[in-house]
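Here the structure comes first, spelled out in structure tokens, and everything after it is commentary.
The values are calculated or read from the model by the stated rules, or taken from the named source; none is laboratory data. Keep in mind the model is a prediction, meaning the values are calculated, not measured. Positions of Cβ are generated from backbone atoms using ideal geometry, with glycine treated the same way; all protein chains shown enter the neighbour counts.
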Amino acid sequence: MLPTYTARYTKIDSGYLGQLVEWPEVITEGQSIEECRALLRDAMNEMLLAYRQLQKEIPQGSCLLEQIPVEL
């Protein structure tokens, strides 16, 4: 089974900010959500290569996020 990571996207003035929850060093920006998603995948692959070269432990994925509705 392949590990999975949780991506968090935040709307910003220039588009979207994308970051992996379990691996906060993996972060990027894109003008659209689709571009941000693609750039985040590229950033994750580059970080995987760097961690392997440096023989650093790769963070574990599979975080579960849940939105909880609140009545205001």
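Figure legend. Inter-residue proximity from segment 8-35: first residues more than 17 Å from Tyr51 (Cβ to Cβ), second residues surrounded by 15 or more Cβ atoms within 10 Å (Cβ to Cβ) and polar (S, T, N, Q), beta-carbon distance below 7 Å, spacing 6+ or different chains. Indicated pairs: Arg8/Gln19; Gly18/Thr28. Of the residues making up segment 22-48, those that are within 11 Å of the chain's Cα centre (by Cα) and not in a helix (DSSP H, G or I) are Glu22, Trp23, Pro24, Glu25, Val26, Ile27, Thr28, Glu29.
Residue check, Trp23 against (1) surrounded by fewer than 15 Cβ atoms within 10 Å (Cβ to Cβ); (2) within 19 Å of Leu2 (Cα to Cα); (3) modelled with pLDDT under 95, all met but one. Which one? Looking at each condition in turn, Trp23 falls short on (1).
Run down Tyr51, Tyr16, Tyr9 and say which single residue is under 9 Å from the mean Cα position of the chain (by Cα) and either loosely packed, with under 13 Cβ neighbours inside 10 Å or modelled with pLDDT of 90 or more (or both). Quick ask: steps written out before the conclusion?
Details: Tyr51 fails: under 9 Å from the mean Cα position of the chain (by Cα); Tyr16 fails: under 9 Å from the mean Cα position of the chain (by Cα).
Testing whether each residue is under 9 Å from the mean Cα position of the chain (by Cα) and either loosely packed, with under 13 Cβ neighbours inside 10 Å or modelled with pLDDT of 90 or more (or both) leaves just Tyr9.
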